[in-house]
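Heads up: the structure comes next, in structure tokens.
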Amino acid sequence: MSLQDKYQELINQAKAAGVADLQVREQDNVLYIDGSTTAAVKDQLWDTYEKLDPEMRSADVVMNLTATDAAKEEKIYEVKSGDNLSKIAKNYPGVSWKDIYEANKDQIKDPNLIHPGQKLKIPS
């Protein structure tokens, strides 16, 4: 049985999900799956692989998938006078002040103390 046969479900899922520039090849008893897709599809493909090889002991698949939406996930906001994390969060649906605080712990020691000019990462 070839590796492409063994992992046909994974290959079909990648095709159905519209993985861009999808390339599937076997080399030295390893199946290589290359392409680009969203982070969510990438995670789904890894979940499928884990079901097919639960402990990933076979070590016969290499997935080189680039998440094309990774750069879009994070926005930068420059703090203005009078801002607080709650006020900033209201501008980003689905984002709470805690999300902003967690994404910026490297520069915010106290969530109640932010300063004009600070550039905060806004997670998606």
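Here, each number is a calculation from the coordinates, and none is a lab measurement. Fair warning: this is a prediction, and the values are worked out from it, not measured in the lab. Here Cβ is always computed from backbone atoms with ideal geometry, including for glycine, and neighbour counts include all displayed protein chains.
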Vicinal HN-Hα couplings computed from phi for the range 2-14 (Karplus, 6.51 cos²θ - 1.76 cosθ + 1.60; Hz; Gly/Pro x): 6, 5, 5, 5, 4, 10, 4, 4, 5, 5, 4, 5, 4
Which of Lys109, Lys51, Lys42 has the fewest Cβ neighbours within 10 Å, and the rest in rising order: Lys109, Lys51, Lys42
The range 75-122 shape via C-alpha gyration tensor axes, a/c threshold 1.5: rounded
Ranking of Glu78, Glu55 by count of other Cβ atoms within 10 Å, fewest first: Glu55, Glu78
Sequence-distant residues sharing a close amide H with Val61 (under 5 Å, placed H): Leu31
Beta bridge orientation in the chain: antiparallel %, DSSP, nearest 5: 60
Residue-span extension gain [Asn29 to Ser86] - 0.36 nm each, minus C-alpha spacing: 15.2 nm
Local electrostatic count, Val61, Cβ distance below 11 Å [Lys/Arg +1, Asp/Glu -1]: -3
Answer label for mean projected area of the Cα convex hull in nm² (calculated), chosen among (1) 10.1; (2) 6.4; (3) 11.0: (1)
Convex hull volume per residue for the range 3-67, taking Cα atoms only, in Å³: 70
Phi-based couplings in Hz for the range 113-124 (Karplus 6.51, -1.76, 1.60; Gly and Pro marked x): 10, 10, 10, x, x, 5, 9, 9, 7, 10, x, 8
Pairs from Lys75/Lys105; Lys42/Lys75; Lys75/Lys109; Lys42/Lys87; Lys42/Lys105; Lys87/Lys119 whose Cα-Cα separation, in the structure shown, is over 26 Å: Lys42/Lys87; Lys42/Lys105
